[in-house]
Amino acid sequence: MSSTNEKNIHKVRFERLQLVGKKAVEQVLKTSLTTDQIKSCYKEIAESEVGLKSLETGSNQLEKYLLEETLAEFDHIYEENDLSSKLNDLDEVIQNAFQREQGKMSSAESLPVHIDQLSSSEIIDSMILNKKEDTLLALEKVYLKTYSDNEELEEKLRKIIANASAINSQIQDVLIPIKEQASFVTSDPVKMDSIIDLKEKFT
């Protein structure tokens, strides 16, 4: 969608979606991969200062890796569903509608009435609504235009809502494996080889 006042459009919905997605992933990782959980799983290694440092380093690097990979998957979902363009269009539609409404109000409030330039018959005609047919025609045009704009907005919202359900399912498909990967911390037995492999993988 293009607009002559595109520069005045604040396109914020897609940025907010990205931020919310990032915060959600960070929260999942924060609760699924904690230092205490790793220490409780590898108690013997955590007893030494060197071992504890290795555990913390491995945990931090694993968390960073999962965050980057998950956000990359989110970006793929956004791109696949063309969410950037769709949400930017929604921003534009809503803000243009708001600006049109504000413009109508401003025009009505600032419309000059030069009564001194009207003849007596013109004043009387206006008072008795002698031109009511013109008024009704103008109102009908305004109604049709408003109805058309609302139909367009409703259709865009309907499509976005339909896509949102599918996208939410895709996002859940991404988050669930994160929790499953994080669960290895508490499910695997304590093995020196495992922590060494983990350390070597992320250093």
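We did not get these values from a lab; they are worked out from the coordinates using the rules stated. Nothing here was measured: the structure is a model prediction, and the numbers come from that model. Every residue, glycine as well, gets a Cβ built from its backbone with ideal geometry; the counts of neighbours run over all protein chains shown.
Pulled fully out, how much extra length does the chain show between residue 77 and residue 15, if you take 0.36 nm times their separation in residues and subtract their Cα-Cα distance? Please report the intermediate quantities before stating the final value.
Values: separation 62, 0.36 × 62 = 22.32 nm, distance 1.45 nm.
Length gained between residue 77 and residue 15: 20.9 nm.
Extending 7 Å from Cα along the Cβ direction at residue 22 and again at residue 68 yields two label points whose distance is 1.5 nm. On full extension, the segment bounded by residue 100 and residue 47 gains 12.3 nm, given 0.36 nm per residue less the C-alpha separation.
Beyond a 25 Å Cα-Cα separation, which of these cross-linked pairs lie in this structure: 22/43; 23/64; 43/64; 22/53; 30/53; 22/86?
On the way: 22/43 32 Å; 23/64 14 Å; 43/64 23 Å; 22/53 27 Å; 30/53 18 Å; 22/86 20 Å.
Cα-Cα > 25 Å for 22/43; 22/53; rest within.
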